Structure formats: C-alpha cells, structure tokens
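Presented below is the structure to which this report refers.
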Amino acid sequence: MFYLKEISLKDFRCYRTYTEKFIPAINIIVGDNAVGKTSLVEAIYCLGLTRSHKATNDSELIREGNEYTIIKGFFNNEEEDDEIILSISNNGKRINKNNKIEASLSKYLGYFSAIIFCPEDLNLINGAPMSRRKFLDVNIGQINKQYLKYSINYKKILKQRNEVLKHLGENEKFDDRILSILTEALISEAKSIIIEREKFINELNKHLYGKCNYISSESENGKIIYTPNCSADNLKKESENKKILDKITKTTNWGPHRDDFVVTINDREASKFASQGQQKTIALSIKLGLADLIKEKSKKVLVILDDVFGELDVNRQNRVLDLLKFDNQIFITTTTIDNLSEKVLKESKVIHIDKGGEENGR
Ligand SMILES: Nc1ncnc2c1ncn2[C@@H]1O[C@H](COP(=O)(O)OP(=O)(O)OP(=O)(O)O)[C@@H](O)[C@H]1O
Ligand SMILES: [Mg+2]
C-alpha cells in the first residue's frame, strides 16, 4: 500500500523544524487551536500537489522572517521507498525525487493524489466563483495531465491577449492581426478545457448522487450544474460578439476563466435555499464523490480530514470512514479525541501537537 511514512518540515508555517512518523491506516492529529494541525496536513497536501489548498501565495507557507521552506516526505511505494523534497522560496519552487530534480512541477504532478476535506469546502456552495474554478482545475489536473497542459497554455495565451488589448496602439491593423491569432489559439485551448470540465462534472455527479443520499438518509439529492461562461461550440461567435467590448475594457470578457457551477439539493440552488447542515452535507458529499472518482484513476491517494470529522456524530463518523476506507492512508485533525468513536480510535495513531513542543524541535 502507498503511504506517507515520515514527514520533516523546515520553516514551514509555524514550524521551525519538525519530524513525525505515520501509520498506513488512520493518523489523528490532535491539539489546541493554532498549534499547527492544519499546517501539518497542508504540508502533506503540498507534497502531492506542489501547492497549498488554502494559501493564495506560496510565500505564505514560509515561516515568517525566513527565505525558504523545505518539506521532505518518505513514502512507501510498492515495497520501495521514495524520498520527495519540495523546496519553496520567494523565487520559486522545485521538487526533488530520490535525489533528482524533477524537470518541471507538472511532470511530477500525479505522483500521488490528495483529497482534503476542510471547512473551506463550503466555498464550493456559497463562495466566490474563483474557488469553484480552483476546485475544477486542481482536481481535474490530478487525474488528467492533458488538462494541465490546456490550462497552462490557456493562461499564457490569455495573458498575452490581455496585454495586447491593454496596449492597443496607432497601428490598428497590426494589432488586429495579432489579436486574431491569439483569439484563435485561445479558442482552441478553451474548447478543450470546457469539454474536460463537462466530462469531469458529469462523472462527479454520478458518484455524488449516492453519497448525498446515503449521508442524508435518502432525503436529499445533490447535483452540480456546470454554468460555462460560453459553451464549447459557441466560442468563435462569442469572441466576435465581445470583440468591441474587449477593446473598450482592455481585457478578455469571454472564456472558461469566467466559468462557474451551481450546486443544487433536490433541484433547488443550495447557496440560496439549503440550511447550514444541508450545505455541509452536500459539500462533504462532493468531496466523497471526488475521492471515489480519483480512486478510479489513481491507486495512490491520501485522504485528509481537517477539522471536519469531530463535528459529525459517531454514527456519521463511521459512515464517512466506511466510504473513505478503500486502502487509503487517512489524516484527521481535531482539537479533541473525546468525541471520536471507539472504533476509529482503535485503528488510529494519535499524534499530539503542543504549542512550543520543544522535544520535537519546534
Ligand atoms: N508563514 C507563517 N509563519 C509563522 N507562523 C505562521 C505562518 N502561517 C501561519 N502561521 C501560524 O501558525 C499557527 C498554526 O496555524 P494552524 O492553522 O496550523 O493551526 P491549527 O492547529 O490548525 O488551529 P485550529 O485548531 O484553530 O484550526 C497560527 O498561529 C498561525 O498564525
Ligand atoms: Mg486548523
């Protein structure tokens, strides 16, 4: 079984240096508020995805007053061990795998997949569209390398196109020629992105249906409805319709960088009609569905439950774990183990984190 055996941190978030060993089953990270529980699981997530699930900027990960941070993980991979080192400085980041620098981060991505359940998941229901696009990009990217390429190309071309729009000059004919070349290129990548997002959401819906139903004792049906800014077939027409607007606003007003999706429960928009408990249930169901989907494509999956598990009653805890336990290593953070089920505790390693736990070098 693939699992993280040990992690070492240097100047990551609140940690100066820190090392911890994990078991292939459930690892429960327990401690008071602000001792570094989320930071620890964030570091695990970063090892897989080369980026944080919550930081908007990599430099947030570096311990205040320092130049760089290093996360080192030892993984058990089919009887062998792999050593992965992610180093992040203000100038960039790189991955070392078994003492060799990876040519690019996107080449490394996919070594393992990680799914994190966290309080921010509620943003999937009622956050800004940007958080839903990030959800699509990160998770489609985990299972589909081609999507990563489309996405990188799209961003690059979009940036160039916006630059041209910003600096439209005297030579209108010349600018128009460049603009139409970039528009063609952008449409081609946009088409692929929209098609892949459509496919992913369709697949996710298949998994989501059962999860939501199961957790809510068959009273709720959840669904994700993709609302692309422009459909794949309509891109050319839309680019022409918006050409003048683009020139006036000096930016690209159409395309998947403006996409969104809507989550519904029993066909009503969850952000408007669902109770807080229902919103939490549907957000959790989306992630459980995602775990299934990713598991279909990748054998190496780590599951992280940051601050969401202790909130469930014992019955729901057992149900959620039943849904997640398909040969995965699991990390759970919580402020107290008092409300965790006996069954869960029996299968777990409990790791206590204290503020200023000097014995661990913090
Ligand atoms: N770059 C950084 N440098 C130094 N300290 C940081 C940095 N980023 C975050 N911290 C601090 O790290 C501490 C631990 O944060 P973390 O979110 O890991 O706590 P937590 O144990 O998950 O708490 P909670 O139970 O409230 O969720 C916080 O005090 C936070 O302010
Ligand atoms: Mg936390």
Practice task
Can you give me the P(r) profile for the chain? Cα pairs, bins 10 angstrom wide beginning at 0, each as a whole percent.
Solution key: 5, 22, 29, 25, 13, 5, 1, 0
Completion exercise
Surrounding charge for residue 101, neighbours by C-beta under 12 angstrom, Lys/Arg +1, Asp/Glu -1, total +4
Exercise for the section: Relative to the longest principal axis of the C-alpha atoms of the chain, give the angle of the C-alpha long axis of helix 172-215, reported between 0 and 90° and rounded to the nearest 10°. Expected result: 40
Completion exercise
In this structure, among 107/343; 37/199; 191/223; 223/243; 10/54, pairs with alpha-carbon gaps over 31 Å are 107/343; 37/199; 223/243
Completion exercise
Fewest-first ordering of 173, 223, 343 by Cβ atoms within 10 Å yields 173, 343, 223
Exercise for the section: With no solvent and one equal point scatterer per Cα, compute the Debye intensity ratio I(q)/I(0) for the stretch 8-116 at 0.18, 0.20 Å⁻¹ and report its log10, rounded to two decimals. Expected result: -0.92, -1.15
Problem - GNM flexibility winner over the chain from 235, 47, 345 (Cα, springs under 10 Å) - result: 345
Completion exercise
Rounded to whole angstrom, the alpha-carbon centroid of the stretch 57-135 lies from that of the stretch 308-344 at a distance of 24
Practice task
Using the structure shown, list the pairs from 5/300; 145/295; 297/325; 159/247; 134/272 with a Cα-Cα distance above 19 Å, or answer none.
Solution key: 134/272
Fill in the blank from the handout: The relative contact order of the chain, taking Cα pairs under 8 Å that sit 6 or more residues apart, comes to a percentage of 26
Problem - Inter-label distance for residue 250 and residue 163, nm, one decimal - labels placed 7 Å from Cα along Cα-to-Cβ - result: 1.6
Problem - Per-residue [θ]222 nm for the chain (sum of -39500 (n - 2.57) over DSSP H runs n ≥ 4, rounded to 500) - result: -14000 deg cm²/dmol
Exercise for the section: Could you let me know the centre-to-centre spacing of the stretch 1-54 and the stretch 210-269, using Cα atoms, in angstrom? Expected result: 34
Practice task
Please identify, among 125, 152, 248, the residue showing maximal mean-square fluctuation in a Gaussian network model of the chain using a 10 angstrom Cα cutoff.
Solution key: 248
Practice task
Could you line up 83, 170 from fewest to most neighbouring Cβ atoms inside 10 Å?
Solution key: 170, 83
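Read the figures in this text as sums done on the coordinates, not as results from a lab. Computed from a prediction, not measured in an experiment: that's the story for all the values here. All Cβ positions, even for glycine, are placed from backbone atoms using ideal geometry, and neighbour counts span all protein chains on display.
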